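Asker: Encoded as structure tokens, here's the structure I'll be asking about.
The values are calculated or read from the model by the stated rules, or taken from the named source; none is laboratory data. Because the structure is a prediction, the values reported are computed rather than measured. All Cβ positions, glycine included, derive from the backbone under ideal geometry; neighbour counts span all protein chains shown. These accessible areas exclude ligands, DNA and RNA; they are computed on the full protein's heavy atoms, side chains included. Shrake-Rupley method; radii C 1.70, N 1.55, O 1.52, S 1.80 Å.
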Amino acid sequence: MEKGPFSVEWLAQSSRSGGRGMPGESRPEGSSEETPPQTPPSVPADAPRDREAAERRSPEHQAESGGAAPGRSRTKFSAAQLQELERSFREQRYIRAGEKRRLAAVLNLSQSKIKTWFQNRRMKFKRQTQDAR
């Protein structure tokens, strides 16, 4: 079996040597020569996905898209939905499966939206209690 880039042996060796060198390369022990870290030959140094990732992080790109995932719009809860969600949150911060199903049916929302709302509300609660100290 050939030990190519990213094999377990190569990864273990590269983590011990500080991530320098290529599979099969050996450096003399105690060598003081600094060599720049190299990527395996299967990964080009300037891969398109790296450029795309950098573009996604750039301020111009965020201004264009508003920072949201493409095709996904923010859910705007109605006042009645928020009132019911807040009431349920006051009773219990962690929602049970049955209550999640009930709220989803009553409020005409998906269970995943209910779950995400509770997660976000717990984080908001945590920030509020930390700020109050």
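Asker: Just to check your reading of the model, which residue among Thr116, Thr39 is open to solvent by less than 90 Å² (accessible area, probe 1.4 Å) and at pLDDT below 55?
Answerer: None of the others qualify; the one that does is Thr39.
Asker: If you don't mind, there's one more thing I want to ask. Could you give every pair whose Cβ atoms fall below 8 Å, whose first residue belongs to segment 92-116 and is within 14 Å of Thr75 (Cα to Cα) and assigned to a loop (DSSP other than H, G, I, E, B), and whose second residue is open to solvent by less than 60 Å² (accessible area, probe 1.4 Å) and of a type in the set (Val, Ile, Thr), counting only separations of at least 6 or pairs across chains?
Answerer: Between residues of segment 92-116 that are within 14 Å of Thr75 (Cα to Cα) and assigned to a loop (DSSP other than H, G, I, E, B) and residues that are open to solvent by less than 60 Å² (accessible area, probe 1.4 Å) and of a type in the set (Val, Ile, Thr), the close pairs are Leu109/Thr75.
Asker: Taking the criterion of being basic (Lys, Arg) and part of a helix (DSSP H, G or I), would at least one residue in segment 76-85 satisfy it?
Answerer: no
Asker: Have a look at Ala97, Ala105 and point out the one that is open to solvent by 70 Å² or more (accessible area, probe 1.4 Å) and aliphatic (A, V, I, L, M).
Answerer: Residue meeting the stated conditions: Ala105.
Asker: Out of everything in segment 67-94 that is within 27 Å of the chain's Cα centre (by Cα), of a type in the set (Gly, Ala, Ser) and open to solvent by less than 70 Å² (accessible area, probe 1.4 Å), what residue ends up being modelled with the highest pLDDT?
Answerer: Among residues in segment 67-94 that are within 27 Å of the chain's Cα centre (by Cα), of a type in the set (Gly, Ala, Ser) and open to solvent by less than 70 Å² (accessible area, probe 1.4 Å), the one modelled with the highest pLDDT is Ala69.
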